[in-house]
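Asks: First the structure, which I've put down as structure tokens, then a few questions once you've had a look.
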Amino acid sequence: MEAVRDRLASRTAVLRVLGVFWLIDAGLQAETSKFAPSYPLGELAQSSMGLPPWAHAAVYAGIDPFVAHWGLWNLAATLLQAVIGISLLSNRAPRATITVSVAWAGMIWWVGEGFGFLPSGQALVLGGAPGAALAYAVLAGLAWPRPGRRDMTPAAWKATWATLWLGGAALQIFGSWSPARVLEANLSEHSNGQPGFLAATAHFAYRLTEAHPLVVPVALALVQTAVGLGGLTARRRPQRWIYLGMATAGPFWVVGEQVGSVFSGGTDLGLAPLVVLLACAGLPRPLGRPTRRRVPDALIIDLRRLGVITGTLLATPLILAAGMIRPQWGRHVTRHSVLILGRLLGVRIQIDAPRAPADGDGHVVVANHSSPLDIPAMVVAFPRARMIMAADILPGWLAPVIRRCLGVIPIDRKNPATANKVLADLAAEADGDIVIFPEGAIAPVGQRLGFKSGPFVLAIQSARSVLPVAIHGASTSLAPRAQLRLRPGLVTVEVLDPIPVTDLGLGDRKTLREATCRAMLDALGPEDGGRGRTPGWRAAED
């Protein structure tokens, strides 16, 4: 008998992958068309088509209470799915998050998927039955954290695997219509409105079923039976049946589910990716350390770049939605998005603050600017602070949106009069931290630019102490003008001792600036342009 080995996907890994899926679902739910007032009784209510009267009525009973203010409810659903995804990825309060996700998945299965279309008698695993939402709930339940238990319980995993595939074989043969007609109906329905390259696969399978109405459904039923029984009963090399299940799920996803219908308004990736995740939770980890080909560095960098773009596209609507309600919420969503995306891409942001400044102390926080990563690093370190940012790096139409949602203060570097007015208005406002990069631009690697006097004038006029911050390692992970060529590494945000401005006047701005310069240069290493690298560094002239 084969010795018990760790599974390929542990409980924690399963939960984190589910977190990624929930974030993708949140992005799909945030599409503009899904906020339309006609969506709930139009697109959403289609989940009741073909169901018996009791199921049809149940679906509408679940939809009706939300029709009146659908836009707000859809926004709430999007944010909830994003919060579930972020919580699962960060492994914070996993039991509470699983409980909420199971309840929400049950709601989706009822209202959005029409009970997985099972009451219709025309549901097939090839078409996504018993429903992706039900699979979310089952996988989350199987991955419930238990002390000392890395993997899912084997008995529970086998029962789930056998139920899925043997149930799929039964659905393939014992439908409300003939097996061939049920299969043709699934292929026709799911391919409606899909791109040509996807619809062509379903049309080919449809014609094949028409030509062989008995052979095709029976063959599919036999394959599903073999996968289910093999995973349940095989004592030697059960993984061969698991691999067969994964190989079967792939064509089912493309031909039957049409990639979750994401190109025609789908709200999730479908069942097949979850089946593959379940399979990974049952596969034994390989023994030993097999030799692997070294992945080219250029490919890894391109994949990380794709990860940055994808993560930004997914997080942006959530950040804007939260920020429109309250700017502070937008900043917090931004902070957590940066931390999660950084963790996934191998970039860790560490805060080194011997004495964390109290909220409301009212500092002008000044930091060196060596990389585009400096901005997200400061958002992580100072989530409650407002940030002054050059207006010319934001499109004109985006500047007011960013200012409203994140509390960012755009400033025109090319118009000193306007910039000084903005700073004067800030000086007159109430206390609160303000983040600014006094160099005014990203410095070349290993060098520093001169500091402008504006931040120090602001500190003196507003009676806010200056809080120097030294950011280490940002240019190593993402160099200036690197076109998102991100490299794994550690970015450390070192918070230095504050410099008081008590009894200082505007004539002392140069003294304050020089003191800040010295503190930051002493803290930064040579690789970041600190002492020993640029001895001739000097502050910018007024």
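Each reported figure results from applying straightforward, stated rules to the coordinates on display, with no laboratory input. Keep in mind the model is a prediction, meaning the values are calculated, not measured. For neighbour counting, all protein chains shown are included, and Cβ atoms are generated from backbone atoms with ideal geometry for every residue, glycine included.
Asks: Calculate, for S176 and R343, the FRET efficiency according to 1/(1 + (r/R0)^6) with r their C-beta to C-beta distance and R0 45 Å; round to the nearest 0.05.
Replies: Efficiency, from the Cβ-Cβ distance: 0.40.
Asks: Among A279, F66, P37, pick out the residue whose Cα is farthest towards the positive end of the charge dipole of the chain, where Lys and Arg carry +1 and Asp and Glu carry -1 on C-beta, about the Cα centre.
Replies: Toward the positive end, the furthest listed residue is A279.
Asks: Right, another one. Ignoring solvent entirely, what values of log10 I(q)/I(0) come out of the Debye formula for the range 305-528 at 0.11, 0.12, 0.14 Å⁻¹ when each Cα is a single scatterer?
Replies: -0.52, -0.63, -0.88
Asks: Based on other C-beta atoms within 10 Å, arrange M324, M387 from fewest to most.
Replies: Least to most surrounded, the residues fall as M324, M387.
Asks: If one computes the Cα centroid of the range 142-167 and of the range 3-46, what distance in Å separates the two points?
Replies: So the two Cα centres are separated by 20 Å.
Asks: Please give the calculated 222 nm ellipticity per residue for the chain, where each DSSP H segment of at least 4 residues contributes -39500 (n - 2.57) and the sum is spread over every residue; nearest 500 deg cm²/dmol?
Replies: Theoretical 222 nm ellipticity from helices: -16500 deg cm²/dmol.
Asks: To the nearest µm²/s, what D does Stokes-Einstein give for the chain at 10 °C and 1.306 mPa s, using the Kirkwood radius over alpha carbon pairs as Rh?
Replies: My calculation gives 60 µm²/s for D.
Asks: What distance in nm lies between label points placed 7 Å from Cα along the C-beta direction at L306 and R92?
Replies: Distance between label points: 3.0 nm.
Asks: Taking the Cα centre as origin and putting +1 on Lys and Arg beta-carbons and -1 on Asp and Glu beta-carbons, what dipole magnitude results for the chain, to the nearest 20 debye?
Replies: For this selection, approximately 1760 debye.
Asks: Take Y136, Y206, Y60 and order them by how many other Cβ atoms sit within 10 Å, fewest up front.
Replies: Y60, Y206, Y136
Asks: Let me ask something additional. Quick one: I325, I319, fewest Cβ neighbours within 10 Å first, how do they rank?
Replies: Listing I325, I319 from fewest to most nearby Cβ atoms yields I325, I319.
Asks: Calculate how steeply helix 509-523 sits against the longest principal axis of the alpha-carbon atoms of the chain, using the helix alpha-carbon long axis, and give the answer as 0 to 90 degrees to the nearest 10.
Replies: With rounding to tens, the tilt is 50 degrees.
Asks: To the nearest 10 degrees, how steeply does helix 327-345 sit against the main Cα axis of the chain, on a 0 to 90 scale?
Replies: Roughly 70 degrees between the two axes.
Asks: For the chain, take the longest principal axis of its alpha carbons; what is the angle in degrees between that and the long axis of helix 154-173, to the nearest 10 within 0 to 90?
Replies: Relative to the chain, helix 154-173 is tipped by roughly 60 degrees.
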